[in-house]
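Undergrad: Below: one structure in structure tokens.
Each reported figure results from applying straightforward, stated rules to the coordinates on display, with no laboratory input. Bear in mind the structure is a predicted one, so any value in this text is a computation, not a measurement. When we count neighbours, we look across all protein chains shown, and the Cβ atoms used for this are built from the backbone with ideal geometry, even at glycine.
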Amino acid sequence: MRNYYQQFREYAIDELGVKPQLIIWSGAIVIGTLFSIPRLNQWNDSREQRTENIKQIKAKKAELEQELALEQHQEMIANKRYKSCIPVVGEIFKNGTHYFTGINETTIARDRITGKTLPPNTIICDANGMTARVSDNGNPTAFAYTGDRDIIQSRLKRFRGSQYSNPILIKE
């Protein structure tokens, strides 16, 4: 064995120009690397999965931030509209009165007395916090919502028991 090592050493130094320790360590590193390839692949896969999860979380966060900004903008618009909007009531008459109703796209805002559609660009509101602009054909459009109950109540209480005739919403 010693004789083989001596021959290898002489061959490595004389012919290759390197020390045999360098060849032995290089071989050990190559063998170690070959055995660690499956672990490196697992690590790379888990890293890619974590990167994908981070991308998904960032996308969801951006979507939620955009939604929040839209909600805040809508609330600002709705709060401003509630200062001058016309509250609407349903077309059904119960117990001697019309009750407040919700606004949606399928209804037409009409004057309760004349039956004509409200003029275009009239701002209407309901008791649930929804405001809208009346379109040319009488349907509500450009909806905005607020959850500020104080603003809603301050607007609606001005019309309870008064002589004002609230517009009604008629389903098509």
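Undergrad: Once the convex hull of the alpha carbons of the stretch 1-92 is built, what does its volume come to per residue, in cubic angstrom?
TA: 164 Å³
Undergrad: Here is a follow-up. Return the whole-Å distance between the Cα centroid of the stretch 53-80 and the Cα centroid of the stretch 96-156.
TA: Using only Cα atoms to place each centre, the spacing works out to 26 Å.
Undergrad: Another question, then. Among all the aspartates and glutamates, which ones have a C-alpha under 15 Å from Lys60's C-alpha, if same-chain residues fewer than 8 places away are not counted?
TA: Result set, ordered by chain and number: Glu52.
Undergrad: Also, quick follow-up: I need Ile77, Ile13, Ile103 ordered by Cβ neighbour count within 10 Å, fewest first.
TA: Ile13, Ile77, Ile103
Undergrad: What is the order of Val134, Val30, fewest Cβ neighbours within 10 Å to most?
TA: Ordered from fewest to most neighbouring Cβ atoms within 10 Å, Val134, Val30 come out as Val30, Val134.
Undergrad: Using Cβ contacts closer than 10 Å as the measure, can you line up Tyr82, Tyr4, Tyr145, Tyr11 from fewest to most?
TA: Final ranking by Cβ density, sparse to dense: Tyr4, Tyr11, Tyr145, Tyr82.
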